[in-house]
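One structure is given below, encoded as structure tokens.
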Amino acid sequence: MKVMSVVGARPQFIKLGPLAREIEKDFEHIIVHTGQHYDHEMSNLLFEQLEIPSPQSNLGIGSGGHGEQTGRMLKELEQEMLHHRPALVITFGDTNSTLAACLAASKIEIPSVHVEAGLRSFNRSMPEEINRIIADHTAELLFAPTSEAFKHLQREGLEDKTIVTGDIMVDSLKFIQRKVKSNEYTGKPYYLLTLHRPYNVDDISNIKSLFSQLSQLDEEIVFPIHPRTRKIIDESDLILPKNLKIISPQGYLEFQSLVKYSLKIITDSGGLQKEAYIAGKPCITLRPETEWVETVVSGWNTLMDINDEYLSEKIAEFNPVNSRPDLYGNNVAYKMKNEIKNLIDRFN
Ligand code: UD1
């Protein structure tokens, strides 16, 4: 019996790792990589570190406008699915690769499962919001990471298809944490920064304003830079603050070391907000909203405007002291695999 997983972007490889190990025990597992992310650090390195088998196919789609990128994936993925005829397709998260995979499967009536279902930012200008809504409404089975995500699915009438499994990234973190070593910044206090959301980086004035604020902090800021952001900065005349250390995108292992020894995290990523919570690091999220509201409710995450004129003071003063209850579960991949088995039995 074949099961197909479709991935394409960095956060999806992280979610695939633990599930791939479980799926392989009971099924023939076909991994299809759309090629949305293609730099070594954004792709192959993560497969190596998470010990994920190489994909059977890499569609090499690469970059492009949303319509073009998604359209090309849709066409190629349909061919892959018709060729392998999997009993089920697994999709992850909210990228254009997720959207193409769930649409391709639904058009040829192959059931799909959506990992990380029910997240909502309620901001429809994010392509990810549209992608996740469509993935949830086309899938046969939804794996919600939290009870908050379950509530969103319930409101949309999808509760009968939903199982609250916990968050698969907990399994990936456990897998990598035993391998984490210190890094060259260990011992010095530093902030860890990531930034790649189009609404933050596509307008250089936002980055200018952020950098001007960050230059007022006493500590260093380590910034593994996303290729989208690198391109925009390289094409500008921006003068970089002296305390900002720009480094290339990191492997998962190296990145978790940067998280572990950081003072605080400043980010517009989704997944990193959770990783910060699990690691006990205060997180400053440069977004107007978050899908991971429980991290904010717990007091460990705070939303700030990238253009806030008091940003540096607010970052320095954000020092949560609350306890951190376990929000994201464990042995998530194992639970998911069993539910996938049940679904396949139902369809065959
Ligand atoms: C995508 C996801 C986003 C996720 C993010 C994680 C969508 C709509 N967005 O955004 O949800 O949080 O991945 O990283 O799917 N690039 C490279 N090398 C690479 C990959 C990308 O240079 O290996 C460049 C591309 O040329 C492009 C830009 O980065 O100019 C953006 O890449 P793209 O895959 O379109 O979206 P992300 O911004 O990475």
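Just a few scattered comments:
- For a label point 7 Å along the Cα-to-beta-carbon line of Ser248, residues of the range 25-55 with backbone N under 16 Å: 38-49
- Paramagnetic label zone (point 7 Å from Cα along Cα-to-C-beta, Ser182; backbone N under 19 Å) in the range 266-283: none
- Rounded, prolate or oblate (a/c below 1.5 giving rounded, otherwise prolate when a/b exceeds b/c) for the range 244-333 by Cα gyration tensor: oblate
- Prolate/oblate/rounded call for the range 1-76, Cα gyration tensor, a/c under 1.5 rounded: oblate
- Computed helical MRE - 222 nm, the chain, DSSP H runs ≥ 4 contributing -39500 (n - 2.57), nearest 500: -13000 deg cm²/dmol
- Alpha-carbon centroid distance for the pair the range 282-308 / the range 190-231, whole angstrom: 16 Å
- Within the chain: Cβ-based charge dipole about Cα centre, in debye rounded to nearest 20 (Lys, Arg +1; Asp, Glu -1): 620 debye
- Principal axes of the chain: Cα extent on each, largest first, Å: 61, 43, 38
- Here the range 122-142 is scanned for amide nitrogen atoms under 19 Å from the site 7 Å beyond the Cα of Glu109 along Cα-to-Cβ, giving 138-141.
- Sequence-distant lysines (8 or more away, or on other chains) whose Cα lies within less than 26 Å of Lys281: Lys15, Lys174, Lys179, Lys181, Lys188, Lys208, Lys242, Lys245, Lys260, Lys264, Lys314
- Burial ordering of Glu159, Glu22, Glu51, fewest other beta-carbon atoms within 10 Å first: Glu51, Glu159, Glu22
- Between Arg155 and Asp218, the modelled label-to-label distance comes to 4.2 nm, taking each label 7 Å out from Cα in the direction of the beta carbon.
- Derived scalar couplings ³J(HN,Hα) [the range 148-162; Karplus, 6.51 cos²θ - 1.76 cosθ + 1.60; whole Hz; x for Gly, Pro]: 5, 4, 4, 4, 5, 5, 4, 4, 9, x, 10, 5, 5, 9, 9
- Within the chain, the longest segment free of exposed loop sites, counting trypsin sites (Lys or Arg not before Pro) that fall outside DSSP classes H, G, I, E and B and have at most 10 other Cβ atoms within 10 Å, spans 1-123.
- Karplus-based coupling profile of the range 116-132, in residue order and whole Hz: 6, 7, x, 6, 9, 9, 6, 10, 6, 7, 7, x, 4, 5, 5, 4, 6, with θ = phi - 60° in 6.51 cos²θ - 1.76 cosθ + 1.60 and x standing for Gly or Pro.
- Descending Cα extents along the principal axes, the range 108-254, whole Å: 54, 38, 29
None of the figures in this text is laboratory data; all of them are computed from the coordinates on show. Remember, it's a predicted structure, so these values are computed and weren't measured experimentally. Glycine also receives a Cβ, built like all others from the backbone with ideal geometry; neighbour counts cover every protein chain displayed.
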